[in-house]
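Since the structure comes first, as structure tokens, the remarks are kept for the end.
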Amino acid sequence: MATCPRGCAPAVRLCQKLNRLKILDGDMMATSLKRCLSTVDLTLMGVGGMIGSGLYVLTGTVAKDTAGPAVIISFLFAGFASLLAAFCYAEFGARIPKTGSAYMFTYVSVGELWAFLIGWNVILENMIGGAAVARAWSGYLDSIFNHALQNFTETHIMQWNVPFLAHYPDLLAAGILIVASVFISFGVQVSSYLNHIFSTISMAVIAFILVFGFMLAEPANWSQEQGGFAPFGMSGILAGSATCFYAFVGFDVIASSSEEAKNPQKAIPIATAISLALAAVAYVLVSAVLTLMVPWRTLDPNSALADAFFRRGYKWAGVIVAVGSICAMNTVLLCNLFSLPRIVYAMAEDGLFFSIFARVNPVTKVPVNAILVFGILMSSMALIFDLEALVQFLSIGTLLAYTFVAASIIVLRFQPDRTTSKGTAPTSPNSNAEPSPVPTESQTITEDSEEPKQYESFSDKLQLVERQKSKERRGVGQLKARWEPYLDRLIGDCEPGEVVAFSVMTLIVSSVSFCAVLEFGNKNLQLPLWSFTMLLVIFSLAFILSLTLIWLHEPQKDTKTFQVPLVPLTPGASILINVFLMMKLSLATWIRFAVWIAVGLLVYFGYGIWHSKEGKRELQPTDMAARYVVLPSGSLVETVQSVQPDGQMDTSAHISPSSAPSVEECAGKR
């Protein structure tokens, strides 16, 4: 193995710190939070997170300005794209029932720095999402009373004309967030009960909209005289899908709640599937009702559904719709205020964020400090920022989190299991977790059946070693046996999962390059047709080759929990779609994103990297470990090895069989 010059050793150690993985304890059901959420609770949370202001505002906006009645197809495309991401979240939530969502998933599979940045962006996403919904909630309620609150605030309190800020402070939006934060701090059961009430009312109103709306439907509103079903063509449908995609982003609240679920292995996948299906059906049917009730050109983007009933002469129905919209927005607010403190808690619990946010109230079993502090910050944003400026910044953090979760699924599926439990050691040779107690009667070794078997004689141990040598190339993350004759010389000597990790990196780079050329090649770069086509072909081949290389390796075969189907194709498609949607964002959004990332890097390098619990785990000395190995000469020896922290020499003593101490004596020196 090539050695690094002494001058680059600090850089190597820094890279190791930035990319260290989180080692999970085997008993992942243990938690300081309260496990009390059922499948129904999680399903209603997912429905509440997705069916909110989007149903009552987004449908009218996309139908009028982007897609026309074909907004139905836009929601179908967006629902499919969200389904790919939801698969990844469901597998992680079932396998790793810990709070933290995308942050935790990235930490256990990609690395610490990337996990921190994802968590940092998810914090921003939830803060902006909650503030934006509070602004929409306030504006919707104020419009019912003819903007009386806005007029009073501008006349008697204050108003200003500052870019990116609202024209007046929205006291109602800030107040509702403070009140909701107080209710959330009472405990997860209170939050669940409130969500049940608002979700039930919202779904009842949606059922009313569908039944009464189809009774008032006029097919002539889809006729050619009114512009037809798809007046903006395929480009309008795809552009509408990019906007409609954000209507489904609330399902990650289910994964964020996995540490408080009674049976996360079953509840998380079931709740994700049911809530996403209900949300997709609701968006498609409500869009159909809306565009059939009134001509799509005449829709009011701010309150399309309520206005449609008002214009058809049913004011009482418009009032019912307005009540349903307010309840739906309340569920989204609760979901944002529920998810945000738990992301902060997970980061603080790992030492990457300020420890004050890791404290859990002994009575309510919730992170009260994180709830109240970030609830106040969210209310401050709703008080001063304009709704449009908030929504523009919301999308990029969501798409980035989805991209990393999809990549993490591939990495985790093709790497050896790193979880530790009492009585077992992590299977990764580079794990920093402390070795567990070794049995004193005989050496126990776990086989593929996961049942410990005892080997007491040297001949048994020698046969075990020979069997392991014959199987080692077919382990998780290694080349499949049938491809060894063709690719063994090229990639056969790589560590388990190493080729897969490199392929995932290539997958992301090729996706970014392909989407950038597709989006900017003709418009901004004005590339000749031959070079434009050649670049698309090259990056497409790189994408396909990366997927193929990943598929050629052995995945984990764990049927105990839900698994994403068609890996790596499904997460690969999710990465490509997410990157394409990110390319649709404006330059101003990317600039704000870069500023937020810079602030996050200051927090990480100023605090997180020094207080990381995984970093402190690396500094703890590990105990002696004894194992049998076969030397090239064919003799069997026992090796006693002490694993030292980074930067110190490892010491090993090779003992011949005649003078070797017993396994019990080696294991007993603790």
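Things to note:
- In this calculation the C-beta distance from Arg359 to Ser531 is compared with R0 = 51 Å, giving a FRET efficiency of 0.30.
- Added length on full extension, which subtracts the Cα-Cα distance from 0.36 nm per residue, Met505 to Ile144: 124.9 nm
- The stretch 64-184 - Rg (one decimal) and Dmax (whole number), Cα, Å: 19.9, 55
- Whole-number Å³ per residue for the convex hull built on Cα positions in the stretch 273-376: 158 Å³
- For the stretch 141-282, the dipole from Cβ point charges (+1 on Lys and Arg, -1 on Asp and Glu) about the Cα centre works out to 360 debye, to the nearest 20.
- Unit charges on C-beta of K, R, D, E only; dipole of the stretch 280-360, Debye: 320 debye
- Between Val319 and Val12, full extension at 0.36 nm per residue minus the direct alpha carbon distance yields a gain of 104.1 nm.
- Kirkwood analysis of the Cα pair distances in the stretch 204-276 returns a hydrodynamic radius of 16.0 Å.
- Across the cross-link table entries Lys523/Lys584; Lys22/Lys98; Lys480/Lys557; Lys22/Lys613; Lys22/Lys557; Lys98/Lys266, which are compared at the Cα atoms, the separations over 19 Å belong to Lys22/Lys557.
- Difference of contour (0.36 nm per residue) and Cα-Cα distance, Ala207 to Ile384: 60.2 nm
- Each residue, Met158 and Lys560, gets one label point 7 Å from its Cα in the Cβ direction; the gap between the two is 5.8 nm.
- Stokes-Einstein D (µm²/s) once Rh is taken as the Kirkwood radius of the stretch 113-166 over alpha-carbon pairs, at 37 °C in 0.692 mPa s: 242 µm²/s
- The ellipsoid that matches the Cα gyration tensor of the stretch 253-317 has semi-axes, each √(5λ) in whole angstrom, of 37, 12, 10, with the longest given first.
- Using the Cβ-Cβ distance between Trp590 and Ser32 with R0 set to 45 Å, the FRET efficiency works out to roughly 0.70.
- For the stretch 156-194, the list of chymotrypsin sites (Phe, Trp or Tyr not before Pro) that fall in a loop by DSSP and count at most 15 other C-beta atoms within 10 angstrom reads Trp160, Phe164.
- Put a dot 7 Å past the Cα of Ser540, heading toward its Cβ, do the same for Trp610, and the two dots end up 5.2 nm apart.
- The stretch 158-238 shape via C-alpha gyration tensor axes, a/c threshold 1.5: oblate
Every number here is computed from the coordinates shown, using simple stated rules; none is lab data. This one's a predicted model, so the numbers in the text were calculated from it and none came from an experiment. Every residue, glycine as well, gets a Cβ built from its backbone with ideal geometry; the counts of neighbours run over all protein chains shown.
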